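What follows is one structure encoded as structure tokens, with my remarks underneath.
The values are calculated or read from the model by the stated rules, or taken from the named source; none is laboratory data. Note that the structure is a prediction, hence the values are computed from the model and not measured. Backbone-built Cβ (ideal geometry, glycine too); neighbour counts: all protein chains shown.
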Amino acid sequence: MGFLTNEVNLVAIGGGHGLGKLMSALAFLGANLAGIVTTTDDGGSTGRLREESGCIAWGDLRNCLNQLAADQPNLARTLFEYRFEYDGTLQGHNLGNLILLALDQLSVRPMDVVHLISAFLRVDAQLIPMSEQPTHLVAEINGQYVRGETQIDAAEIRPSSLCLEPKVQATHEAVLAINKANYIILGPGSFMTSILPPLLISDIVDAILQRAVPIIFVANMQPEKSSCGKLSLTDQLDWLSQLTGIYVDRVIWPAERIPVPRSYPKLHVAHLGDAKHPYYHDKISLQQAIMSVLQQY
């Protein structure tokens, strides 16, 4: 742990459950760990709040905050994750999303909200929304434009292009974190709707391309259900490079996921599955795999 704590400034990019698990695995890095979080979700409670208030998508930030606070017997964390189940206008809403929205309306910046809730939940790592401006993921599929993560993930055909609408600027703190980073991790998570959206912001991509640092890709435990699940690892990473100009230096691949793409020259294979939930990464195993890869640099 001493090597990592003293020498690493790490930026992880993604969203949803995957980024939260990775951030919690590396939480011992404290302020030397930053997560740039996707804010384009349009499903569930988050989507309803976005439609009604025009806010950024708070759901992935909430998920990451809650996982980073998971080791603490904290009543605040339990309340933050509570979901209303009874019939009525609040049905399906997550209390954490409502708290974040309320604080957003009271604050100057969404980053103010993140700082406040991080202190409330005793989270030391930095969580940064990819942008503080609302935007949606848009895909071109068979010559038609499809708007919104939910519809894009449901499409059977891989988009020919992806973009954000409207175009937005990166959060200032996201660019600063990348400028300080000596390692960047992408994933795990949905390739199109968790990993790619932050990489469609020119400020973020430009900052990454200016840093000659290792870029590590963490593969999912199983192929995802979207059209990207049909792509080979090589095809997926080639598409990433075509869209962004970013090239991956090393891939962490779960040994449980068959077949293992042995022909890929930059592969680090490790057992990563959670014993109780094999479709999810085990936090300790993921931490050990990342440490092993970082030490090779």
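If you scan region 197-226, which residues turn out to be within 23 Å of I56 (Cα to Cα), among the charged types (D, E, K, R) and out of contact with any helix residue (DSSP H, G or I) (no Cβ under 7 Å at 6 or more places or on another chain)?
Correct list: D206 only.
From the set of residues in region 132-169 that are of a type in the set (G, A, S) and out of contact with any strand residue (DSSP E or B) (no Cβ under 8 Å at 6 or more places or on another chain), which is surrounded by the most Cβ atoms within 10 Å (Cβ to Cβ)?
The extreme case among them is A154.
Determine the pairs where a residue that is more than 17 Å from L103 (Cα to Cα), located within region 37-61, has a partner that is of a type in the set (V, I, T) with Cβ atoms under 6 Å apart, the partner being 6 or more residues away or on another chain.
Between residues of region 37-61 that are more than 17 Å from L103 (Cα to Cα) and residues that are of a type in the set (V, I, T), the close pairs are D42/T150; G43/T150.
Identify, please: which residue in region 201-243 is among the β-branched types (V, I, T) and in contact (Cβ under 8 Å) with a residue 60 or more places away in the chain and is, among those, surrounded by the fewest Cβ atoms within 10 Å (Cβ to Cβ)?
I201
Given the criteria touching a strand residue (DSSP E or B) at 6+ places or on another chain (Cβ under 8 Å) and under 29 Å from L106 (Cα atoms), does A181 qualify?
No: the conditions fail for A181.
Consider only pairs whose beta carbons are under 8 Å apart and that are at least six residues apart or on different chains; among these, list those whose first residue lies in region 251-271 and is of a type in the set (D, E, K, R) and whose second residue is assigned to a strand (DSSP E or B) and surrounded by 14 or more Cβ atoms within 10 Å (Cβ to Cβ).
Close Cβ pairs satisfying both conditions: E256/G273; K266/R250; K266/V251.
If L98 satisfies every condition in (1) surrounded by fewer than 21 Cβ atoms within 10 Å (Cβ to Cβ); (2) in contact with a helix residue (DSSP H, G or I) (Cβ under 9 Å, 6 or more places away or on another chain); (3) closer than 28 Å to L10 by Cα but one, which is the exception?
(3)
Does region 120-131 contain at least one residue that is more than 21 Å from K21 (Cα to Cα) and either in a helix (DSSP H, G or I) or of a type in the set (F, W, Y) (or both)?
Among the residues of region 120-131, not one is more than 21 Å from K21 (Cα to Cα) and either in a helix (DSSP H, G or I) or of a type in the set (F, W, Y) (or both), which makes the answer no.
Taking the options L90, L79, L61, L106, name whichever one is within 24 Å of G14 (Cα to Cα) and of a type outside the set (D, E, K, R).
Numbers: L90 fails: within 24 Å of G14 (Cα to Cα); L79 fails: within 24 Å of G14 (Cα to Cα); L106 fails: within 24 Å of G14 (Cα to Cα).
Testing whether each residue is within 24 Å of G14 (Cα to Cα) and of a type outside the set (D, E, K, R) leaves just L61.
Among the helices (runs of 4 or more DSSP H) lying completely within region 5-80, list those that include at least 2 residues that are over 23 Å from I215 (Cα atoms) and either at pLDDT below 95 or of a type in the set (G, A, S) (or both).
The helices (runs of 4 or more DSSP H) meeting that bar are 44-53, 59-68, 75-80.
Of all residues being polar (S, T, N, Q) and touching an Asp or Glu at 6+ places or on another chain (Cβ under 9 Å) in region 93-126, which is modelled with the highest pLDDT? Just the residue, please.
Out of the qualifying residues, it is Q126.
Given the residues K266, K283, which is the only one that is within 24 Å of N182 (Cα to Cα) and in contact with an Asp or Glu (Cβ under 7 Å, 6 or more places away or on another chain)?
Unique residue meeting the criteria: K266.
Is it the case that some residue within region 109-118 is under 30 Å from L29 (Cα atoms), over 19 Å from the mean Cα position of the chain (by Cα) and assigned to a loop (DSSP other than H, G, I, E, B)? Talk me through it step by step, then tell me what you get.
Keep residues of region 109-118 that are under 30 Å from L29 (Cα atoms), which gives 109-118.
In the following step, the residues that additionally are over 19 Å from the mean Cα position of the chain (by Cα) were identified as 109, 112, 116.
Within this subset, residues satisfying the condition of being assigned to a loop (DSSP other than H, G, I, E, B) are 109.
Yes, there is a match, as at least one residue in region 109-118 is under 30 Å from L29 (Cα atoms), over 19 Å from the mean Cα position of the chain (by Cα) and assigned to a loop (DSSP other than H, G, I, E, B).
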